[in-house]
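S.K.: Structure below; questions to follow.
The values are calculated or read from the model by the stated rules, or taken from the named source; none is laboratory data. Predicted model only: the values in this text are computed from it and were never measured. Methodologically, a virtual Cβ is constructed for each residue, glycine included, from the backbone with ideal geometry; neighbour enumeration extends over all protein chains shown.
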Amino acid sequence: MAVAPNGKNVYAVGYTSNSIVTYDRDATGALTKQGAIKDSTDLNGAIGVAVAPDGKNVYAVAAFSDSIITWDRL
């Protein structure tokens, strides 16, 4: 899991589902699911996720596809 620098978003990887799930986080810390990023080719065996310190990008690492995937945060 990774939390955005501003604390408003949380990202979690799904190893067997080959996906990244995104959540919004409110002031109390409660999470609301916003969606999932799923790509069975690039995220095959997703094992890690990180948010850049400036909050502009999300990075995921996948074991079986030997990939590092990058998304822009809006």
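S.K.: Among residues belonging to the range 55-74 that are more than 11 Å from the chain's Cα centre (by Cα) and within 14 Å of Asn44 (Cα to Cα), point out the one that is surrounded by the most Cβ atoms within 10 Å (Cβ to Cβ).
M.R.: The selected residue is Ala62.
S.K.: Cβ-Cβ under 6 Å, sequence separation 6+ or interchain: first residue in the range 1-13 and over 12 Å from Asp24 (Cα atoms), partner assigned to a loop (DSSP other than H, G, I, E, B) and of a type outside the set (A, V, I, L, M). Which pairs?
M.R.: Listed pairs, sorted by first residue: Pro5/Gly55.
S.K.: Here's something else I'd like to know. Under 6 Å between Cβ atoms, at least 6 apart or on separate chains: pull out the pairs that start in the range 35-64 with a residue that is closer than 23 Å to Asn6 by Cβ and end on any residue that is hydroxyl-bearing (Ser, Thr, Tyr) and surrounded by 14 or more Cβ atoms within 10 Å (Cβ to Cβ).
M.R.: Hits for this filter: Gly35/Thr22; Ala36/Ser19; Val49/Tyr11; Ala50/Tyr59; Val58/Tyr11.
S.K.: What tally of residues in the range 15-42 results from selecting those that are of a type outside the set (A, V, I, L, M) and buried (at least 16 other Cβ atoms within 10 Å of the Cβ)?
M.R.: 6
S.K.: Looking at this structure, is Lys38 of a type in the set (Lys, Arg) and over 12 Å from the mean Cα position of the chain (by Cα)?
M.R.: no
S.K.: On to the next question. Take the residues in the range 41-54 that are in contact with a strand residue (DSSP E or B) (Cβ under 9 Å, 6 or more places away or on another chain) and over 12 Å from Ala12 (Cα atoms); name whichever of them is modelled with the lowest pLDDT.
M.R.: If we take residues in the range 41-54 being in contact with a strand residue (DSSP E or B) (Cβ under 9 Å, 6 or more places away or on another chain) and over 12 Å from Ala12 (Cα atoms), then Thr41 is modelled with the lowest pLDDT.
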